[in-house]
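Novice: A single structure is presented below for examination.
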Number of protein chains: 2
Amino acid sequence: MKKEDRLRESKAIVNELLVDIFNRILAIEGENLKSRGVKLSMSEIHVLEAITKVKEPTMTNIAKKLGITVGSLTVSVNTLYQKGFVSRERDVEDRRKVVVGVLPKAEEVLEKHNDFHNEMINSIFNDLKIEEDELLISSLKKLSSYFINSF
Amino acid sequence: MKKEDRLRESKAIVNELLVDIFNRILAIEGENLKSRGVKLSMSEIHVLEAITKVKEPTMTNIAKKLGITVGSLTVSVNTLYQKGFVSRERDVEDRRKVVVGVLPKAEEVLEKHNDFHNEMINSIFNDLKIEEDELLISSLKKLSSYFINSF
DNA sequence: TAAAATATATTTGAAATTCAAAGTATTTGA
DNA sequence: TCAAATACTTTGAATTTCAAATATATTTTA
């Protein structure tokens, strides 16, 4: 195969990976959670995840992490609070801020979600036998940081 | 670094790539289209793309490609038809089927969308200098087919 | 310090997306 | 032929999200 053709093919594969495949992951995750008896939607799961990942979990910081408006987040946190998944209190230092936290009920769900991710990743690694591929890993690391920093 | 730690790190990176990053691609694409004066939503773009990609573009085939119900697709095609982006006609062989096609107005939009994808991919390849990395490409190819076939 | 500007969050009304269920028309096959 | 299967549309409801308006608290500035 010619060099240009290889390059073109490579680009097509990365493009496919980034677009076609990733579109399905949400649905796959959602179905998995439903099968494990979790009643929350994926977007609610994402809110819970973001709360645990962000350093100072105020409404603004969580919304930024999620890429949604603070208004949208308020709507979502309202129902999560109602259902008993999150705590919510004013910051004592700066009373404009609301600090959100996940309650045990949420941790249970997040654990299930995390289990699924681990299974998925392990299955990929086993099937593809890529654990020893240093070059792949370092390239993926670059690819990952590229997305984090570029947009 | 120990072997187990390297493995753990590798898995974390793939997980991050599959989860954190893909969540943003839709929004990134949407913003880009808006900046190019395109009035359609990403979900409408996906419908148009699916129409061009599927072999026999009937409602059922297009919906299957998209992973949505035929009812949802009908709603979307209704507005795309109204706005003059797609054609719509009964199959002469089997009059239950509706064959959908993209009109010039849609091709224009798809071209812009495609331009963006190419720019994104080219910029990744240039920055990372990975075009010669055969191993990466073959692994990504496996990763890609893994997702296509496993779910 | 008091007023103005800024920052944080909530509420509300509307739009978009999607689904499930019910309904219509056409084709298939027993 | 006619009952079942297939292809599609319509409808009503749920979810998600946003923008704009509103409310408070804090910081800046005049």
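Novice: Got a sec? Which helices (runs of 4 or more DSSP H) wholly within the stretch B:6-98 have at least 2 residues that are aliphatic (A, V, I, L, M) and either more than 14 Å from every other protein chain (Cβ to nearest Cβ) or away from DNA strand D (no atom under 15 Å from the Cβ) (or both)?
Specialist: B:42-53, B:59-66, B:70-82
Novice: Within the stretch A:32-43, can one find any residue that is in contact with a strand residue (DSSP E or B) (Cβ under 7 Å, 6 or more places away or on another chain), under 28 Å from A:M120 (Cα atoms) and within 12 Å of DNA strand C (Cβ to nearest atom)?
Specialist: no
Novice: Still on this structure, I have one more. Starting from the stretch B:92-111, take each residue that is closer than 20 Å to B:E49 by Cβ and list its partners that are open to solvent by 100 Å² or more (accessible area, probe 1.4 Å), counting only C-beta distances under 9 angstrom and pairs at least six apart or across chains.
Specialist: That search, which allows pairs on different chains as well, returns B:V98/B:E89; B:V98/B:R90; B:V99/B:E89; B:V99/B:R90; B:V100/B:Y81; B:V100/B:E89; B:G101/B:E89; B:V109/B:K39.
Novice: Any chance the stretch A:70-89 includes a residue that's under 15 Å from the mean Cα position of the chain (by Cα), open to solvent by 30 Å² or more (accessible area, probe 1.4 Å) and away from DNA strand C (no atom under 12 Å from the Cβ)?
Specialist: No: zero hits.
Novice: Within the set of pairs 6 or more residues apart or between chains, which connect a residue that is closer than 12 Å to A:L103 by Cβ inside the stretch A:63-91 to a residue that is of a type in the set (V, I, T) and more than 10 Å from DNA strand C (Cβ to nearest atom) with Cβ atoms less than 6 Å apart?
Specialist: Pairs that qualify, where the first residue is closer than 12 Å to A:L103 by Cβ and the partner is of a type in the set (V, I, T) and more than 10 Å from DNA strand C (Cβ to nearest atom), are A:L80/A:V86; A:V86/A:V102.
The values are calculated or read from the model by the stated rules, or taken from the named source; none is laboratory data. Note that the structure is a prediction, hence the values are computed from the model and not measured. Please note: Cβ atoms are built from the backbone with ideal geometry, for glycine as well, and neighbour counts cover all protein chains shown. For accessibility, only protein heavy atoms count, side chains too; no ligands or nucleic acids. Shrake-Rupley method; radii C 1.70, N 1.55, O 1.52, S 1.80 Å.
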